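Undergrad: Before anything else, here's the structure in question.
Every number in this text was worked out from the coordinates using simple rules, so none of it is lab data. No experiment lies behind these values; they were computed from the predicted model shown. Here Cβ is always computed from backbone atoms with ideal geometry, including for glycine, and neighbour counts include all displayed protein chains.
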Amino acid sequence: MQAVYPNQASVLILDDDAALRSAYVRILGDAGYYCKEFESLPKFIEAIEKSSLELDRACCLLDMKMSAGSGLEAQAWLAEHKPQLPIVFVSGQSDITEAITAMRNGAVDFLLKPVSEDRLVAAIDGALNSQADHSEQLPKGFEVLTPRESQILRLVVSGLKSQQMADRLGIALRTVKMHRGNIMSKMRVENVAQLLALYHQRRQHHA
């Protein structure tokens, strides 16, 4: 059984392919993560509902298509019950619509099989970093943002351009732009100037 150490981050793996789950556990375990694997969406939900998992420093690795249930179904459930958990999708047969839906709904990353070990670890690192940024208190009204959106919001506030954000986070420029669009849509602003004004206004009010 994989040992758990204090402050060790966790990865919740949902995939109905036992061989792939074992591979992910090996790769991420070697990278220092504690992994908990699930073969079905019901078992995944049951474990989280029972609060048997440490979620303060955790993220989810979700397979897009499974024999029973889908990654998008898991994402929808998490959005309602555990929105603080960042999500990385992995898929071998998704179409572009599913990928766009996953990212618009707040996924941190979307990986295509076969995934290299370095790419997998980098995606999980990015997801957990986004959770750390999200855990920092945001002004009132901004709590609706996902961990990745919160991370990008802070980079917007710091003055970085979209390409600089993409370089820093190791993600595609179009992904940054998609998340920025989501942020402005959720906050009901039309441009970055309005977003910054709202952010600072609510931050001052909150202080």
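Undergrad: Net charge near T175: determine it from the other residues with C-beta under 13 Å of the C-beta of T175, scoring Lys and Arg +1 and Asp and Glu -1. Let's see the in-between values first.
TA: Working: positive: R104, R148, R168, R174, K177, R180; negative: D109, E149, D167.
Around T175, the surrounding residues sum to +3.
Undergrad: State the answer as a single residue: which of V157, I48, L173 lies farthest towards the positive end of the charge dipole of the chain, with beta carbon charges of +1 for Lys and Arg and -1 for Asp and Glu, about the Cα centre.
TA: Final value for the positive-end residue is V157.
Undergrad: I would also like to ask the following. Mind sorting V90, V157 by how few other Cβ atoms lie within 10 Å of their own Cβ, fewest first?
TA: Values: V90 25, V157 14.
Listed from fewest to most nearby Cβ atoms, that is V157, V90.
Undergrad: Sticking with this structure for a sec: May I ask for the angle, rounded to the nearest 10°, between helix 173-187 and the longest principal axis of the chain, with both axes built from Cα atoms and the value confined to 0 to 90°?
TA: Computed tilt is about 60 degrees.
Undergrad: What ranking do 163-174, 14-25, 102-113 get when scored by the average of other Cβ atoms within 10 Å per residue, highest first?
TA: With the highest mean Cβ count within 10 Å placed first, the list reads 102-113, 14-25, 163-174.
Undergrad: Tally Lys and Arg at +1 and Asp and Glu at -1 over the other residues with C-beta under 10 Å from the C-beta of S70: what net charge comes out?
TA: -2
Undergrad: Compute the semi-axes of the equivalent ellipsoid of the stretch 136-207, taking the square root of 5 times each eigenvalue of the Cα gyration tensor, and list them largest first in whole Å.
TA: Taking √(5λ) for each eigenvalue gives 20, 12, 11 Å, largest first.
Undergrad: Another question, if that's okay. Helix 147-157: angle to the longest alpha-carbon principal axis of the chain, degrees 0 to 90, nearest 10?
TA: That helix lies at roughly 30 degrees to the long axis.
Undergrad: Compare the Cα positions of A68, A102, A123 along the charge dipole of the stretch 1-129 (+1 at Cβ of Lys, Arg; -1 at Cβ of Asp, Glu; about the Cα centre) and return the one farthest towards the positive end.
TA: A123
Undergrad: Using the alpha-carbon atoms, what tilt in degrees (0 to 90, nearest 10) does helix 18-30 show relative to the longest principal axis of the chain?
TA: Its long axis makes an angle of about 60 degrees.
Undergrad: Something else now. Using the per-residue mean of other Cβ atoms lying within 10 Å as a proxy for protection, in what order, highest first, do the peptides 95-101, 58-64 fall?
TA: Answer by packing, highest mean first, reads 58-64, 95-101.
Undergrad: Determine the calculated [θ] at 222 nm for the chain from helices alone, applying -39500 (n - 2.57) to every DSSP H run no shorter than 4 residues and normalising by the residue count; nearest 500 deg cm²/dmol.
TA: Result for the chain: -16500 deg cm²/dmol, rounded to the nearest 500.
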